[in-house]
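We did not get these values from a lab; they are worked out from the coordinates using the rules stated. The shown structure was predicted, so the numbers you read here are calculated from the model rather than taken from an experiment. Cβ atoms come from the backbone with ideal geometry, glycine included; neighbour counts cover every protein chain shown.
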Amino acid sequence: MAISKIKAVFPASIQEVWNMVTSLENYGWRSDLSRIEILNEKQFVEYMKNEFATTFTITEDRRI
């Protein structure tokens, strides 16, 4: 299994970064995705550029 360690510093608060990386509407920074389809409050589907789909179910919400 490959392991990658990447470190970055962002000129934003931890809350701003968290909001960006967990947003289902603003995913433009994700160059691997073609779209996200929100199914309901707890489920969404991410579509890769090749249209491979992965369905996610939120089982716990620990907003900071």
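How large is the charge dipole for the stretch 1-61, taken about the Cα centre, if only the Cβ atoms of Lys, Arg (+1) and Asp, Glu (-1) carry charge, to the nearest 20 debye? Result for the stretch 1-61 is approximately 340 debye, rounded to the nearest 20.
The packing ranking of peptides 35-43, 2-10, highest mean first, is 35-43, 2-10, where packing means the average number of other beta carbon atoms within 10 angstrom of each residue. Mean residue ellipticity at 222 nm, helices only, the chain: -4000 deg cm²/dmol; runs of at least 4 DSSP H residues each add -39,500 (n - 2.57), and the sum is divided by the number of residues. Under the simplified labelling scheme, the Ser4-Phe44 pair shows an inter-label distance of 2.0 nm, with each label point 7 Å from Cα along Cα→Cβ. Matching the structure-derived P(r) over Cα pairs in 10 Å bins from 0, in percent against the labelled list (i) 17, 41, 38, 5; (ii) 15, 20, 17, 15, 14, 8, 6, 5, 1; (iii) 22, 38, 26, 12, 2 gives the label (i).
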